[in-house]
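Below: the structure, in structure tokens.
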Amino acid sequence: MSTHIETHHDAGHGDGDGAPHSTLKGYLTGFVLAAILTAIPFWLVMGKVFDRSLITAIVILAIGVVQIVVHMIYFLHMNGKAEGGWTMLALLFTLVLVVITLSGSLWVMYHLNHNMMPSMQDMRNMP
């Protein structure tokens, strides 16, 4: 009888499903990494480290991707084992939708700007 109670008690805490438990050390590690990954882009922009703004933007985007991964691992506790892999599948589906939405929006905005804005030649001929 006691074995059944212990098994039932342990099953509710997520030990058997592969979901990681949060610890103070894990949260502090995530916080420090997130703070560093926030300070680096700030320093890059304020210190004008790179001559070209395109290089700065690419580096900031790469650091942003790393920061997303840090948040997913340390704060959301996402891994391939949690909930039988369903959280990773949901993440992939979300990423596909975000990429489609962002690329479609940028494509529409570019073409609206290109087709709707008058060129400089047209502006010079205006009265």
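The values are calculated or read from the model by the stated rules, or taken from the named source; none is laboratory data. Quick caveat: nothing in here was measured; it's all calculated off a predicted structure. Note that each Cβ is placed from the backbone with ideal geometry, even for glycine, and that neighbours are counted across all protein chains shown.
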Fill in the blank from the handout: Matching residues in the stretch 77-96 (farther than 21 Å from Leu33 by Cα and touching a residue at least 24 places away in the same chain (Cβ under 8 Å)) number 4
Practice task
State which residue pairs qualify: first residue without any contact (Cβ under 8 Å) to a residue 60 or more places away in the chain and inside the stretch 63-76, second residue surrounded by 13 or more Cβ atoms within 10 Å (Cβ to Cβ) and not in a helix (DSSP H, G or I) in any location, beta carbons under 7 Å apart, and separation of 6 or more residues or different chains.
Solution key: Met72/Met78
Fill in the blank from the handout: For the stretch 29-43, the count of residues that are farther than 10 Å from Val70 by Cβ and in contact with a helix residue (DSSP H, G or I) (Cβ under 9 Å, 6 or more places away or on another chain) equals 3
Fill in the blank from the handout: Exactly one of Ala82, Ala90 is surrounded by 10 or more Cβ atoms within 10 Å (Cβ to Cβ), modelled with pLDDT under 85, touching a Gly at 6+ places or on another chain (Cβ under 8 Å) and small (Gly, Ala, Ser), and that one is Ala82
